[in-house]
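Have a look at the structure below, then the notes.
Please treat every number below as a calculation from the coordinates, not as lab data. Just so it is clear, the model here is predicted, and its values are computed rather than measured. Methodologically, a virtual Cβ is constructed for each residue, glycine included, from the backbone with ideal geometry; neighbour enumeration extends over all protein chains shown.
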Amino acid sequence: MVTDHLVPLDISSRYEVHEWRNAVGVLSTACPAEWSEIQAALRAFQLIRSEIVAPGRNRSKIVTRLEAPLKAAGWVEKQFATGVLVDGETRESPTHKVDCFKGRVAIEVEWNNKDPFYDRDLNNFRLLFDLQVIDVGVIITRCTELQSIFNALGKGSSYGNSTTHMGKLLPRLRGGSGGGCPIVAFGISPTLYVED
């Protein structure tokens, strides 16, 4: 059984949606306030031409704008101090920072990183779920189909095949890289593209 039918139509018609282990059901029942805030952020987002063609930098305006409604609602970047106790000695094993965290939900936004970042994100979700810190993980990334828009704008080489897009995430997600953690992925699709 899948629960992605619980994603409202106005969102599922604009984003490519994939889930692992009934993640949308977990969000809607165990984390309804966070799920409502995620929906609001997805509804508010548009993919703006001028931000795609802008020169690259560490944190793109696209990601900053996508995360802004979440940050305004109290979501924070979070790194967890974890460790393993062996014979009375604690061995530190810190997690990677999660882009947005609130309640028991972790969100990673992967707009244009190298695709091994998905391995890091999924492993982080798996660990945090196993440690009972999160109930669900969310990845917001881009649809593979956006490549035709990037090519038309002369930015195709900046968004290559070995960067983060849904085509690179799905084999990892379906292969169980997130372990038992429920995960939902939202792909930014061409329907969100706006000329400005």
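Descriptive notes on the structure:
- Per-residue Cβ neighbour rank within 10 angstrom, fewest leading, SER60, SER157: SER157, SER60
- Each of SER13 and VAL194 was given a label point 7 Å from its Cα along the Cα-to-Cβ line. The distance between the two points is 1.8 nm.
- Residues whose amide H falls under 5 Å from that of ASN113, counting only those 5 or more places apart or on a different chain, are THR164, with hydrogens built in the peptide plane.
- Share antiparallel - DSSP beta bridges, the chain, percent rounded to 5: 55 percent
- Anisotropy class assigned to segment 1-97 is oblate, per the alpha carbon gyration tensor with a/c at or over the 1.5 cut-off and a/b no larger than b/c.
- Cα-based Lys pair tally, the chain, threshold under 19 Å, eight or more apart or on separate chains: 10
- Helix-only [θ]222 nm of the chain, DSSP H runs n ≥ 4, -39500 (n - 2.57) each, per residue, nearest 500: -10000 deg cm²/dmol
- Pairwise centroid distance, computed over Cα atoms, of segment 156-177 with segment 24-81, Å: 19 Å
- Karplus (6.51, -1.76, 1.60) ³J(HN,Hα), θ = phi - 60°, over segment 185-193, in Hz, Gly and Pro reported as x: 10, 10, x, 5, 9, x, 5, 8, 6
- The C-alpha radius of gyration of the chain, expressed as a fraction of 2.2 N^0.38 Å, stands at 1.03.
- Dipole magnitude of the chain, debye to nearest 20 (Cβ charges: Lys/Arg +1, Asp/Glu -1, about Cα centre): 380 debye
- Counting charges near ALA185 (Lys, Arg +1; Asp, Glu -1) among other residues having Cβ under 13 Å from its Cβ returns a value of -1.
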